[in-house]
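Shown next, in structure tokens, is the structure this report addresses.
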Amino acid sequence: MKIITIIGARPQFIKAAALSREIAKHDDIQEIIIHTGQHFDANMSDIFFEQMEIPKPNYNLNINGLSHGAMTGQMLEKIETVLLEEKPDWVLIYGDTNSTIAGALAAKKLHIKVAHVEAGLRSFNMNMPEEVNRILTDRISDILFCPTQTAIDNLKNEGYDNINCKIINSGDIMQDAAMFYSNKEQKPNIDIPEKFILTTIHRAENTDDPKRMESILSALNDIAKETPIILPLHPRTANIIKKSDFKIDNLTIIEPVGYLEMVYLLNRCELVMTDSGGLQKEAFFFEKSCITMRDETEWVELVNNNFNKLVGADKNKIKDTYFNHQFATDFNQNLYGGGTAARSIIEALIAF
Ligand code: UDP
């Protein structure tokens with residue numbers, strides 16, 4: 001069986017690390033990796049391949065820094081060329097980026113089977129580019145690997161019982177990665193305070209809205225007077241901050257770090273504050289509470305079980321939640337399948 005894996009962004013590298021490791025156990029499966037180039041900086045791309053021992057991409061399309069339409073269009077064209085040459089049995093795509101939708105569309109039009117890992121997630125916010133990518137990708141995938149029962153329910157509510165595709169609750173591939181790498185942590189090259197908050201901010205709905213950015217950063221800056229905040233900063237957010245006069249002097253801002261450094265920080269932080277999808281779950285995997293600076297989340301089971309609180313971008317709500325909210329403390333719940341997603345996914349592809 002020949003699988004083409006399409007990846008291009010940081011969270012996809014992390015997911016692919018877990019799945020490629022599983023594929024490598026099967027002599028009769030050949031994996032060809034296409035890196036679209038969506039993330040290309042050394043600390044947003046290369047470091048993940050090195051640290052997580054992801055096989056070197058067979059194709060590097062080097063498509064980045066463009067508008068959504070131009071990026072997706074160029075990916076579509078270049079991925080199609082590779083697919084025509086390689087003639088795979090499956091195209092495997094992850095999550096909700098432009099690389100995801102471009103890969104699915106290129107494959108489907110060539111009648112190549114499409115497997116979507118992390119299917120069925122919804123924020124119900126169609127202003128998010130990720131939401132558009134998810135919905136369209138799910139609809140043209142042949143096999144949909146859902147990380148949670150919520151994702152399965154979302155698809156059922158959209159009438160997927162009447163659509164010719166296979167839906168499987170595989171569990172969450174990010175838990176496989178978190179479990180495999182949890183004891184391989186690496187200390188980042190900074191002084192780590194005894195008690196600190198781990199923060200990331202990169203969602204367009206925050207970074208592209210100056211009011212939301214100001215409110216979030218101002219809340220964080222106030223909280224950091226009490227508890228240090230370590231903020232590995234995504235290049236998108238760094239660019240916005242550079243052009244602004246937001247007050248951020250109390251924050252410990254560092255360059256984006258590799259996954260093993262994140263594991264180190266996750267193992268030791270007091271709490272996570274983020275707008276990242278992946279980090280919300282990692283907080284749970286590493287038994288940390290999470291404050292999510294978004295208006296909605298795809299990972300509703302974390303909110304419903306009080307491991308995570310959604311606070312939007314409201315300064316007072318962010319601060320009040322940090323200082324006063326009592327989170328759940330018993331993390332002994334299997335919300336994401338327990339770290340066996342890679343095996344379920346490969347077994348299902350073989351059996352299809
Ligand atoms: N991450 C990382 N280094 C960083 C910031 C995040 O390795 O400096 C990891 C994080 O632990 C998580 C993933 O990147 O596994 C999440 O990616 P991101 O927040 O970019 O995307 P999202 O999950 O929101 O799609």
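The values are calculated or read from the model by the stated rules, or taken from the named source; none is laboratory data. Because the structure is predicted, anything quoted here is derived from the model rather than measured. Positions of Cβ are backbone-derived with ideal geometry, glycine not excepted, and every protein chain shown enters the neighbour counts.
Here are the numbers:
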item	result
Within the stretch 266-284, considering residues that are more than 10 Å from Thr199 (Cβ to Cβ) and within 10 Å of the ligand (Cβ to nearest atom), the one farthest from the chain's Cα centre (by Cα)	Leu266
Test set (1) surrounded by fewer than 16 Cβ atoms within 10 Å (Cβ to Cβ); (2) farther than 24 Å from Glu130 by Cα - Ile248 fails condition number	(1)
Inter-residue pairs, beta-carbon under 6 Å, first closer than 24 Å to Asp295 by Cα and in the stretch 317-339, second among the small types (Gly, Ala, Ser) and part of a loop (DSSP other than H, G, I, E, B), 6+ apart	Phe327/Ser289; Tyr336/Gly171
Flag for Leu155 being over 16 Å from the mean Cα position of the chain (by Cα) and either over 23 Å from Arg343 (Cβ atoms) or modelled with pLDDT of 95 or more (or both)	yes
Test: residue in the stretch 37-60 that is in contact with a strand residue (DSSP E or B) (Cβ under 6 Å, 6 or more places away or on another chain) and more than 24 Å from Gly258 (Cβ to Cβ)	no
Matching residues, the stretch 214-230, being within 18 Å of Gly312 (Cα to Cα) and free of Cβ contacts under 8 Å to residues at least 60 places away in the same chain	Glu214, Leu217, Asn221
Close pairs from the stretch 231-244: first under 13 Å from Pro256 (Cα atoms), partner acidic (Asp, Glu) and crowded, with 18+ Cβ neighbours inside 10 Å, Cβ under 9 Å, at least 6 apart	Pro232/Glu261
Single match in Ile112, Ile173, Ile143 (criterion: at pLDDT 95 or above, within 15 Å of the ligand (Cβ to nearest atom) and among the hydrophobic types (A, V, I, L, M, F, W, C))	Ile173
So Ile167, is it out of contact with any Pro (no Cβ under 6 Å at 6 or more places or on another chain), among the β-branched types (Val, Ile, Thr) and in a helix (DSSP H, G or I)	no
Tally of residues being of a type outside the set (D, E, K, R) and in a helix (DSSP H, G or I) across the stretch 111-134	3
Filtered residues of the stretch 215-240 (kept if charged (D, E, K, R) and near the ligand (Cβ under 10 Å from one of its atoms))	Arg236
Verdict on Leu220 being over 16 Å from the mean Cα position of the chain (by Cα) and within 29 Å of Gly339 (Cα to Cα)	no
Residue list for the stretch 200-225, restricted to those being of a type in the set (A, V, I, L, M, F, W, C) and assigned to a loop (DSSP other than H, G, I, E, B)	Ile201, Ala224
Test: residue in the stretch 182-194 that is surrounded by 15 or more Cβ atoms within 10 Å (Cβ to Cβ), in contact (Cβ under 8 Å) with a residue 40 or more places away in the chain and farther than 19 Å from Val272 by Cβ	no
Scope the stretch 197-232; condition surrounded by fewer than 20 Cβ atoms within 10 Å (Cβ to Cβ) and aliphatic (A, V, I, L, M); matching residues	Ala204, Met213
